[in-house]
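K.L.:
Mind having a look at this structure? Questions to follow.
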Amino acid sequence: MSDQILLETRRLSKYFHPRRGLLSSKTGTVRALEDVNLTIYRQETLGVVGESGCGKTTLGRVLLNLVKPTSGQVIFEGQDLSSLERDALRRLRREMQIVFQNPYSSFDPRFSMFRSLAEPLTTHTNLRGAALEQRTRQLVRQVGMPEDALSRYPHEFSGGQLQRLAIARALALNPKFIVLDEPTSALDVSVQAQILNLLRNLQRHFKLTYLFISHDLSVVQYISDRIAVMYLGKVVELIAAPSLVEGQAQHPYTRALLSAIPEVHPEDKRERIVMPSKAPDAARPPSGCSFHPRCPFAMEICAQVEPPLEQISAEHWSACHLIHQSLQN
Amino acid sequence: MTELLTVENLHVVFQTYAGTVYAVNGMTFSVQPGEIFGLVGESGCGKSVACLAILRILPGHGRITAGRVLFDGHDLTQAKESEMQAIRGRQIAMIFQDPSTSLNPVFTVGSQIKRIIRHHTQASRQATEQRALELLDEVALPDPPRIMQAYPHELSGGMQQRVMIAMALASGARLLIADEPTTALDVTIQNQILELLVELRRHVGLSILLITHNLGVVAETCDRVGVAYAGQIVEIGPTSEVLHTMKHPYTQGLLAALPSAQQKGRDLLSIPGSVPNGLSVIPGCPFHPRCPHVMEVCRQTPPRLTAVNPGEAQHQVACYLYSPETAQ
Amino acid sequence: MQGAPGIEVSPFVEPAPAATYSEWRLIWRSFRQDKLALIGLAIILVFILGAAFAPLLTPYPEQGRGDPNILEKFKPPSAAHPLGTDYLGRDVLARVLYGGRSSLSMGFLVVVIAVLIGVPLGAIAGYLGGWVDEIIMRATDVFMAFPSLLLALAIASALGAGFTNTMIAIAVTWWPWYTRLVRSQTLSLRERFFVEAARSIGLPGHKIVLTHVLPNVMTPVWVQATLDLGSAILISAALNFVGLGVQPPAADWGNMVSQGRLYFIDRPWFAGAAGAAIFLTVLAFNFIGDALRDAADPYLRRT
C-alpha cells in the first residue's frame, strides 16, 4: 500500500504575516493552511476545490516547496522535503512541476519558446545542441503544437496554445507529479475542453500524478479521482469523485458548493443550500468549526468544538459534527 | 410587445497596431421590457464591445461604423453627447465584472448612493436617506444603516456588486447592462447575485441585458438568449429552447465542451481551433473554418437569422443546415 | 501531425495572430513621429560629433585644450572666430567643442555608474525581499534625504576637485532613484508566473535575476536614464561652476560660464555660448526622454 503513495503531508501549516516592516509590528496572521493531512496516490488526480482565500493555491506552492511551510512535513516518495539539502531539493524539482493559472504571464516575454522549453533541460540535464533541439521538438509535438512554435515568442500565441506550451515545459524533465493550479480558468470553454483532454491523455501515457486545483467544482468533478474540499485553510471533506457525483457529499459546505454551480439544465438540480453571504476572514477565523457562521445546519457544539476530519467510509472523510448525528439516527 | 432596446445590424471596428479589428459585425438583438436577455459567447465574440457601443462609451480607437441602437424608439447612435449623458445612468445603468474598480474608494457607500438619488430626484435630505436604506435593503444587504457608513474596501466582492446594483436602481434606470457581473465572485456568491437579479426583474420590472460566457448562468437567469460568435448572433431564442434544442453547430459545440459528471472518463468534445481574432472578416459564415458540417455555400455567403420552425418565429438560427433552400 | 507514440493528438489548426512587433520596434515607431524628440536627437548628435571630432573641426585645437592667446582676447564673433574669443584670447567655439568632451562624458558616466549601482541593488531588493530589501531601501532613503548638490559638494571637497571625483560625487547621489525604480518593477514582475516557473524548475536565484528579472525591467530604466542625462550634465556644470570639476585650463561648459560671468555684461558671447550649450543639451535630452517615456507606455504610445 505504502509504495502506492507518491506524496503525503503531515500536519502541514502555513501562516502569513501580512505587512511586517522593520519597525512596525505584525498586524495579524492569515492561516492559509492549517494541519493539512493529505495522501496522494501514484497516477491519480487529486482535485482541490474551494473558494478564493481557502488556501488551495498555497497548498500547491507548499507541496512543491516554492513556499516554505510554517510547520509540518511534505513527504515525497518517502523523503521529507524539509530535511533535504539545497542540492538534493533542486534535484527533486525534476520530479515535481507546476502549470499556472494565467498562461499569458507564464512565459518570459523576451524568451523564444525554444529558450523557455530548453531552460529546465539545460538546468538539470546535459542535453545540448541537436539533442536539446530534438527533445524540445518532441515536447511541442506531445502537446499538439506544430514544431515551428519553437521559434516564436509568447505574444504570438493564444491563451490555449500558451497553456499547451506551459504543459510541455512542465513535462520536459519527465516529472512524476504536476500541480495544475487553475490551468483552465483563464480559458474559454471550448479551449478548456481541449486542455482537459490533453491532460488526461498525457496522464495516461506518462503515468502522471496530478494535483488539480480549481474553484470550479464541475471541472474538478470531471477530471479528478478524489476531491479535497478546502475551507479557510483546512480540508473539510475528502471524497471519491464518483461518490460526490452520486450525491454522497456529507459536509454542508461541499453540498452548498455543489448546489451553487449554475447548471445548463437547472431542472435536474438537486437540493439548493443557501448560505449567508458573510465572507469569511482568514485572519480572524471563527471559533469551533470555521464554517459554522455560514452553515444552515449549525448546532451549538459547532461554535465551540472544532470537528476533526473523520473517516466515514474507505475513501470518504469529513470534518463535521453532523456525522455523529446521522450515525446515531 | 414593443422592445425596450433594439440593436440592429451593429458594426464596431477598432484601429490597432496590428490593423483594423472587426469586433462587432452586424449584431442584431432586442431586449423587451421586464426581460432578462442573455448575450453569451467566448472571449472576443464582441459581446462586451456591443454593450459599450450601446452606451457609446467605446475606447478612443473604436467606433460604430454601421447599424442602429434603438432605445425606446430613439436611435442612440445618432444622439447628441448631451442626450447620451442623460441616458447613461438615468435610463441605462451598467455594472462590470470588478465592482471594486467601479466604486469610489474615498466616499462611504451611503454618500455615493445618496448623491445618485439626489441627482435624479429632488428629494429632501430625509427622503433621500430613507430611499437609500430601502435600496440597500432591496438588494438584500444585511444591516443597511451600517453598510451606509462603510467604505467600499470594507465590503466583500459580492456586497460591492450588490451596492453597484443598488446604485443602478437608485438612478431609476429601466435597463441594466450587466457585463459578467459574477465572473470575479465565488460560486456561492455568484448564485446569490443572480438570484437577486431575477428577483429585481420580478419586483421592480427591471430589464436586464446580461453578458456572460457561462451557459449555466444563462440557463438559470435568462428568459431569452443570443449566442454571439465573431461579432454576430448565430442563434437566438427562448433560453430553454436554445439550450435544449440547440441548432447552430457552434452552440452545440459549446454545450458539448462543458465538463460534467456524466462525461467523466470520456474525452470532452471540443471545437477545433480557437476563436477568430477579428483582424479580417471571414467570408461567408464566420464559423465555417471550425464547423464540422461545413458546406460550399457556407464559405461564400453569410447565412441570415431565420426561424427554426416556420410557425415559431422566436427561435432563430443563422445556419444553412436549417434554411429551406439548402437543407436536403 | 505526428505525436509521440501512443498519444493521440488532436490536430491543432489555428491561424497565427497577425503581424506582431518587438517592443523596441513599437517604441521606435512611436518615437519617430515626435518632432521635438527628433530635433533633440539631432542636437545631441551634433554635440557628440563636435566633441569627438573637435581637433578636426577647429583650427585652434591647442586653444581648445587651454593654451592662451592673450593678443586675441575679448574678440567679438567674427569670421575667424565664429563665437569670439575669451579672456585669454582662446577661440570660444573650440572651447565649447572641447568643453563638450568634459560635460557630455561626465553626464554619461554619472548615469552609467548610477545605473550600474542602482539597478542590481533594486533587482536584488525586489527579488529577495525581507531584511535584504529593508537594508537596501533604508540605504536609499538615507542617500535620497541628502540634498544631492550638497552631498556632491561635500564628497568633492573631501576627495578633492577633479573630473573623476566630481563624477563619483554625483553618481553617489544618483543611484537610489534607479534602485527604487527597479525594485518596484521587480515587485510587479514577481507576480508574473514566469518568474515562479523559473523557480519551480530549480533555476538558482542569481540566474533568475540575471536572465528573467533584469532584462524585463530595463525599458523604464533606459527612459529614466535618458531624462537623467540632462540633469546630470546640469549638476556637473553647477559643480564645475563652483570650481569642483575639471581644473583650468581644461574646458568645461560649467567652468566656462563661471569664467565668463565676470565679463557677461560687456562680452556676453563667451559665457553665453557655454550656457547655450548646456541649455540645448539638457533640453534635447528632456525631449528625447519624454518621447521615449510616452513611446514605452502602451497607453500613451502614438498610433
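Derivation of every value follows stated rules applied to the coordinates shown; laboratory data play no part. Source: prediction; values computed, not measured. Note: ideal-geometry Cβ built from the backbone for every residue, glycine included; neighbour counts use all protein chains shown.
K.L.:
Please tell me which of these pairs span more than 24 angstrom C-alpha to C-alpha: A:68/A:234; B:47/B:247; A:68/C:207; A:207/A:234; B:47/B:114?
P.N.:
Details: A:68/A:234 17 Å; B:47/B:247 20 Å; A:68/C:207 21 Å; A:207/A:234 29 Å; B:47/B:114 32 Å.
Checking Cα-Cα distances, A:207/A:234; B:47/B:114 exceed 24 Å.
K.L.:
Within 10 Å of each residue's Cβ, count the other Cβ atoms and sort B:65, A:123 from fewest upward. Present the calculation step by step, with values, prior to reporting the outcome.
P.N.:
Values: B:65 13, A:123 18.
Placing the least packed residue first, the sequence is B:65, A:123.
K.L.:
State, to one decimal in nm, how far the label point of residue C:265 lies from the label point of residue B:269, with both points 7 Å from Cα in the Cβ direction.
P.N.:
Using points 7 Å along Cα→Cβ, the separation is 9.6 nm.
K.L.:
How far apart, in nanometres, would the label points at residue B:90 and residue A:297 be if each is projected 7 angstrom from Cα along the Cα-to-Cβ direction?
P.N.:
5.4 nm
K.L.:
Taking all pairs of distinct Cα atoms, average 1/r, flip it, and tell me the Kirkwood hydrodynamic radius of the protein assembly as shown in Å to one decimal place. Present the calculation step by step, with values, prior to reporting the outcome.
P.N.:
Numbers: mean 1/r = 0.0308 Å⁻¹.
One decimal place: 32.5 Å for the Kirkwood radius.
K.L.:
If contacts are Cα pairs under 8 angstrom and at least 6 residues apart, what is the relative contact order of chain C in percent?
P.N.:
Numbers: 444 pairs, mean separation 75.3, N = 303.
Relative CO of chain C lands at 25 percent.
K.L.:
Oh, and also: Hey, what angle do you get for helix C:163-190 against the long axis of chain C, alpha-carbon based, 0 to 90 degrees rounded to 10?
P.N.:
Result, in degrees: 20.
K.L.:
What FRET efficiency, computed as 1/(1 + (r/R0)^6) with R0 = 41 Å and r the Cβ-Cβ distance, is obtained for residue B:245 and residue B:202, rounded to the nearest 0.05?
P.N.:
On the way: r = 26 Å, r/R0 = 0.64.
The computed FRET efficiency comes out at 0.95.
K.L.:
Still on this structure: Which value at 222 nm does the protein assembly as shown reach when only helices count, each DSSP H run of 4 or more adding -39,500 (n - 2.57), with the total divided by all residues and rounded to the nearest 500 deg cm²/dmol?
P.N.:
Details: 34 runs with 411 residues, N = 960.
That comes out to -13500 deg cm²/dmol.
K.L.:
Once phi is turned into θ = phi - 60°, what whole-Hz ³J(HN,Hα) does the Karplus curve with 6.51, -1.76 and 1.60 give for every residue of segment A:84-95, x standing for Gly and Pro?
P.N.:
7, 5, 4, 5, 5, 5, 5, 5, 5, 4, 4, 7
K.L.:
To continue, here is another question. How far apart, in nanometres, would the label points at residue B:83 and residue B:130 be if each is projected 7 angstrom from Cα along the Cα-to-Cβ direction?
P.N.:
3.6 nm
K.L.:
Taking only the alpha-carbon atoms of chain A, what semi-axes of the equivalent ellipsoid follow from 5 times the gyration tensor eigenvalues under a square root, in whole Å, largest first? Could the numbers behind the result be given before it?
P.N.:
Details: eigenvalues 261, 108, 74 Å².
So the three semi-axes of chain A are 36, 23, 19 Å.
K.L.:
Same structure, new question: More than 22 angstrom separation, counting every C-alpha pair in segment B:52-166; what % is that?
P.N.:
Values: 2858 of 6555 pairs.
Value for segment B:52-166: 44 percent of Cα pairs lie more than 22 Å apart.
K.L.:
Hey, for a label at residue A:325 modelled as a point 7 Å past Cα toward Cβ, could you say which residues of segment A:226-257 have their backbone N under 12 Å away?
P.N.:
Once the point is set 7 Å along Cα→Cβ of residue A:325, A:251-253 turn out to lie under 12 Å by backbone N, inside segment A:226-257.
K.L.:
Another question, if that's okay. Count, for each residue of A:154-163, the Cβ atoms from other chains sitting within 10 Å of its Cβ, then give me the mean as a whole number. Don't skip to the end; give the middle numbers.
P.N.:
Values: counts 1, 5, 5, 3, 10, 2, 6, 5, 0, 0.
Partner Cβ neighbours, averaged per residue: 4.
K.L.:
If we sort A:9-17, A:183-191 on the protection proxy, mean other Cβ atoms within 10 Å, highest first, what's the order? The partial results should precede the final answer.
P.N.:
Numbers: A:9-17: 17.7, A:183-191: 22.9.
Per-residue Cβ counts within 10 Å, averaged per peptide and sorted highest first, yield A:183-191, A:9-17.
K.L.:
Stretched out fully, how many nm does the piece from residue C:139 to residue C:279 gain, at 0.36 nm a residue minus the Cα gap?
P.N.:
Working: separation 140, 0.36 × 140 = 50.40 nm, distance 3.29 nm.
The residue C:139-residue C:279 span can extend by a further 47.1 nm.
K.L.:
Once the Cβ-Cβ distance between residue B:309 and residue A:315 is put in as r, and R0 is 45 Å, what FRET efficiency do you end up with, to the nearest 0.05? Before the final figure, lay out each step's value.
P.N.:
Numbers: r = 49 Å, r/R0 = 1.09.
Efficiency for this residue pair is about 0.35.
K.L.:
Take every residue in peptide B:273-286, count the Cβ atoms of other chains within 10 Å of its Cβ, and give the average of those counts.
P.N.:
Counting other chains' Cβ atoms within 10 Å and averaging over B:273-286 gives 3.
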